[in-house]
Amino acid sequence: MILCGGFGKRLKPVTESIPKSLIEIKEDYTILDKQLLDFKNSGVDEVYLLAGFLHEKIEERYGNEYNGVKIHYVIEDEQLGTLNAIRLGMGAIEGDKHCIIRNGDIVSDINLKAMIDYGIKSSLPVIMFVTQMQSPYGIVEINGDRLVSFKEKPILEDYYINGGIYFIKSKIDFFEFETGDIEKIYFPLIAKENNLGYYKENGIFWIAVDTYKDL
């Protein structure tokens with residue numbers, strides 16, 4: 001599944017006429033093009049696009065098949081958060097299948113095949129991709145009353161971020177939750193229950209395209 005229903009408000013005016021996932025990262029090559037090709041190259045041959053805002057533009061570009069990948073659409077009429085979008089997507093899947101889910105604004109060189117293989121072998125129901133955090137700012141080191149050194153946007157080796165890609169072994173129980181962000185509601189809950197694992201890759205390219213600077 002790919003979450004591609006957001007408004008992309010911080011990328012206006014570009015996202016007034018196209019959804020964020022259709023922004024080009026090079027000529028005639030969109031974020032969603034890359035994500036679908038990444039899935040294909042990882043052995044995924046069926047993808048559900050969890051769409052909403054300007055979903056017609058996405059359907060117009062990809063139809064029911066893209067480079068050998070079968071495309072389904074799950075349309076969220078009202079934007080109610082990532083949890084609801086994934087819940088609707090889970091309801092559209094026939095049977096109980098392994099599923100890899102990614103945010104539609106992530107551009108990364110992650111080895112998805114390795115993550116899928118890891119998730120299949122794991123005993124945990126949900127695996128989250130994590131990677132080391134890079135400081136968005138330069139940082140300074142202080143000693144006593146002196147500032148002694150500068151580091152320009154270093155990798156913060158002791159800290160990891162949610163990389164926006166998830167492997168789920170089978171359909172999941174969202175309990176009583178229907179709306180909101182899965183990252184803030186569901187994942188913290190299953191983490192407390194020791195049911196959330198992680199797949200880690202460091203030193204790779206990863207960015208969430210949220211602003212013009214990111215683009």
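Within the stretch 1-16, how many residues are open to solvent by 10 Å² or more (accessible area, probe 1.4 Å), among the β-branched types (Val, Ile, Thr) and touching a residue at least 40 places away in the same chain (Cβ under 8 Å)?
Of the residues in that region, 0 qualify.
For the stretch 76-99, enumerate the residues that are touching a residue at least 60 places away in the same chain (Cβ under 8 Å) and either on the phi > 0 side of the Ramachandran plot or more than 14 Å from the chain's Cα centre (by Cα) (or both).
Glu76, Gln79, Leu80, Gly81, Asn84, Arg87, Gly89, Met90, Ile93, Asp96, Lys97, His98
Can you confirm whether Ile25 is outside any helix (DSSP H, G or I) and either polar (S, T, N, Q) or more than 20 Å from Gly89 (Cα to Cα) (or both)?
yes
Can we say Thr211 is of a type in the set (S, T, N, Q), open to solvent by 50 Å² or more (accessible area, probe 1.4 Å), at pLDDT below 90 and in contact with a helix residue (DSSP H, G or I) (Cβ under 6 Å, 6 or more places away or on another chain)?
So Thr211 fails the test.
Open to solvent by 90 Å² or more (accessible area, probe 1.4 Å) and not hydrophobic (A, V, I, L, M, F, W, C) - does that describe any residue in the stretch 159-167? Walk me through it before giving the result.
Taking the stretch 159-167 and keeping what is open to solvent by 90 Å² or more (accessible area, probe 1.4 Å), we get 159-160.
If we keep only those that are not hydrophobic (A, V, I, L, M, F, W, C) as well, we get 159-160.
Yes: one or more hits.
Can you confirm whether the stretch 104-119 contains a residue that is touching a residue at least 12 places away in the same chain (Cβ under 8 Å) and in contact with a Leu (Cβ under 7 Å, 6 or more places away or on another chain)?
Yes, because at least one residue in the stretch 104-119 is touching a residue at least 12 places away in the same chain (Cβ under 8 Å) and in contact with a Leu (Cβ under 7 Å, 6 or more places away or on another chain).
Just to verify a result, which residue in the stretch 134-158, among those that are modelled with pLDDT of 90 or more and among the β-branched types (Val, Ile, Thr), is most open to solvent (accessible area, probe 1.4 Å)?
Ile142
Listed here are the residues, each with its yes/no results for (1) assigned to a loop (DSSP other than H, G, I, E, B); (2) aliphatic (A, V, I, L, M); (3) open to solvent by 60 Å² or more (accessible area, probe 1.4 Å).
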| position | (1), (2), (3) |
| --- | --- |
| Ile18 | yes, yes, no |
| Leu32 | no, yes, no |
| Gln35 | no, no, no |
| Tyr48 | no, no, no |
| Ile58 | no, yes, no |
| His72 | no, no, no |
| Gln79 | yes, no, yes |
| Ala85 | no, yes, no |
| Leu88 | no, yes, yes |
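Is one or more of the residues making up the stretch 95-117 farther than 25 Å from Tyr199 by Cβ and open to solvent by 40 Å² or more (accessible area, probe 1.4 Å)?
No, every residue in the stretch 95-117 fails to be farther than 25 Å from Tyr199 by Cβ and open to solvent by 40 Å² or more (accessible area, probe 1.4 Å).
So Ile172 clears everything in (1) over 16 Å from the mean Cα position of the chain (by Cα); (2) surrounded by 12 or more Cβ atoms within 10 Å (Cβ to Cβ); (3) more than 30 Å from Asp77 (Cβ to Cβ); (4) not aromatic (Phe, Trp, Tyr) except one condition, right? Which one?
Condition not satisfied by Ile172: (3).
Report, by residue number, each residue of the stretch 100-127 that is within 10 Å of the chain's Cα centre (by Cα) and among the hydrophobic types (A, V, I, L, M, F, W, C).
Correct list: Ile100, Ile101, Ile106, Val107.
Any residue in the stretch 37-54 that is closer than 19 Å to Ile25 by Cβ and of a type in the set (Ser, Thr, Tyr) sitting within a Cβ distance under 6 Å of a residue that is assigned to a loop (DSSP other than H, G, I, E, B) and open to solvent by 60 Å² or more (accessible area, probe 1.4 Å)? List the pairs, counting only those 6 or more apart or interchain.
Partner pairs satisfying both residue conditions: none exist.
With respect to Lys184, is the statement that it is within 28 Å of Tyr48 (Cα to Cα) and either free of Cβ contacts under 8 Å to residues at least 24 places away in the same chain or not β-branched (Val, Ile, Thr) (or both) true?
On the way: within 28 Å of Tyr48 (Cα to Cα): yes; either free of Cβ contacts under 8 Å to residues at least 24 places away in the same chain or not β-branched (Val, Ile, Thr) (or both): yes.
Here the answer is yes, as Lys184 does meet what is asked.
The values are calculated or read from the model by the stated rules, or taken from the named source; none is laboratory data. From a predicted model like this one, the values you see are computed outputs, not experimental measurements. When we count neighbours, we look across all protein chains shown, and the Cβ atoms used for this are built from the backbone with ideal geometry, even at glycine. Side chains included, ligands, DNA and RNA excluded: accessible areas come from the protein's heavy atoms. Shrake-Rupley method; radii C 1.70, N 1.55, O 1.52, S 1.80 Å.
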